[in-house]
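*Asks:* Input: one structure, supplied below.
Each value in this text was obtained by applying a stated rule to the coordinates, not by laboratory testing. Because the structure is predicted, anything quoted here is derived from the model rather than measured. Positions of Cβ are backbone-derived with ideal geometry, glycine not excepted, and every protein chain shown enters the neighbour counts.
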């Protein structure tokens, strides 16, 4: 199997928002971070993948099969969770397991209990009593228990404390270690991607701006902190901010020489810097007049 997931030119139109020919793919062993600001189309895309919303055109292939024609079969091999578990809050984990296992042919109750022990999940606790981190672990435990090969998770680390987030990211890395699984997770916490993602798909206003390796994405840009405040170089920036004592901004990597000639040494950016300045460039690099 070359690809676990392939999305081709998916379009979805709402009155005030549209997905525009969304395309990307995921291979076994990859952890793909799906990034973009709130409202960019991340959750809508994930729902299209899972056939939870009707899209006007395009195709979704999971495990080399058309999702729309093989939905039940494909979903047996997918672990999916939206950003918040709100169903049956008064039920215990054990009770939810009894319901969930009816939907999966390969559900392994012993494996579920083993995963709960590993994650320190008390299966006799009610869902409403779980912290956000525990709810994510519960979703992963369910996915492991029916031998899911592809995990699709919407904002799994949102609202977690640093320790819980680190635990979840460790779990993600372990899951793909043998290169027989893949993970797609949406997030706006770019530091999580610095720690665990191999690939990045970046969406802006319903349109994919980049999909590929994290390394190539980062290497495409450089971050500049110019303490000389050389305004002659402003046109070289993708976007920038002016401070009292400096100019900071993002440039394309091939613009480096123009700054080096002026004794300004650009640095490798992190994902947050790239995303902030790319979004700023899309907004016209405008500042607020307060």
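*Asks:* Can you tell me the 0 to 90 degree angle between the C-alpha axis of helix 109-118 and the longest principal axis of the chain, rounded to 10?
*Replies:* 50 degrees
*Asks:* Can you give the alpha-carbon Rg of the range 121-189 over 2.2 N^0.38 Å, where N counts its residues?
*Replies:* The range 121-189 yields a ratio of 1.10.
*Asks:* On to the next question. Checking a compactness column here: for the range 142-225, what do you get for Rg(Cα) / (2.2 N^0.38 Å), N being the number of residues?
*Replies:* Taking N as the residue count of the range 142-225, the ratio is 1.19.
*Asks:* Find, to one decimal place in angstroms, the Kirkwood hydrodynamic radius of the range 98-159, where the mean of 1/r is taken over every pair of different Cα atoms and then inverted.
*Replies:* One decimal place: 12.2 Å for the Kirkwood radius.
*Asks:* A further question follows. Suppose R0 equals 41 Å; then what is the FRET efficiency for residue 92 and residue 194 from their Cβ-Cβ distance, rounded to the nearest 0.05?
*Replies:* 0.70
*Asks:* Give me the distance in nm between label points sitting 7 Å out from Cα along the Cα-to-Cβ direction at residue 114 and residue 178, one decimal.
*Replies:* That separation, rounded to one decimal, is 1.0 nm.
*Asks:* Given only helices, namely DSSP H runs of n ≥ 4 each adding -39500 (n - 2.57), what is the per-residue ellipticity at 222 nm of the chain, to the nearest 500 deg cm²/dmol? Intermediate values should be presented prior to the final figure.
*Replies:* Working: 10 runs with 89 residues, N = 290.
Roughly -8500 deg cm²/dmol at 222 nm, from the helical runs in the chain.
*Asks:* If you don't mind, another one. Restricting to the range 130-236, compute how many DSSP beta bridges are antiparallel as a %, nearest 5.
*Replies:* Among the beta bridges of the range 130-236, antiparallel pairing accounts for roughly 55 percent.
*Asks:* Can you tell me the Rg and the Dmax, both Å, for the Cα atoms in the chain?
*Replies:* In order Rg, Dmax, the Cα atoms of the chain give 21.3, 67 Å.
*Asks:* Relative contact order for the range 220-282: what percent, with Cα pairs under 8 Å and sequence separation of 6 or more?
*Replies:* 41 percent
*Asks:* Then there is this: Can you tell me the orientation of helix 271-282 relative to the chain, as the angle in degrees between its alpha-carbon axis and the longest Cα principal axis, to the nearest 10?
*Replies:* 70 degrees
*Asks:* Taking the C-alpha atoms of the range 220-282, how large are the radius of gyration and the largest Cα-Cα span, Dmax, in Å?
*Replies:* Spelled out, the Cα radius of gyration and Dmax of the range 220-282 are 10.5, 29 Å.
*Asks:* Right, something else. Given contacts defined as C-alpha pairs under 8 Å and at least six residues apart, what's the relative contact order of the chain, whole-number percent? Each step should come with its number before you reach the end.
*Replies:* Working: 533 pairs, mean separation 59.2, N = 290.
Relative contact order comes out at 20 percent.
*Asks:* So what are the range 22-142's ellipsoid semi-axes, whole angstrom, largest first, if each one is the square root of 5 times an eigenvalue of the alpha-carbon gyration tensor?
*Replies:* With the √(5λ) rule applied to the range 22-142, the semi-axes are 28, 18, 14 Å.
*Asks:* Counting only C-alpha contacts under 8 Å and six or more residues apart, can you give the relative contact order of the range 145-199 as a whole percent?
*Replies:* Computed value for the range 145-199: 50 percent relative contact order.
*Asks:* When the Kirkwood radius is taken over all Cα pairs of the range 159-290, what Stokes-Einstein diffusion coefficient follows at 4 °C and 1.567 mPa s, in µm²/s?
*Replies:* This corresponds to a translational diffusion coefficient of 78 µm²/s.
*Asks:* Then there's this: Multiplying the sequence separation of residue 21 and residue 38 by 0.36 nm and subtracting their Cα-Cα distance, what value in nm do you get? If you can, show how the numbers build up before the last one.
*Replies:* Working: separation 17, 0.36 × 17 = 6.12 nm, distance 1.91 nm.
Gain on stretching residue 21 to residue 38: 4.2 nm.
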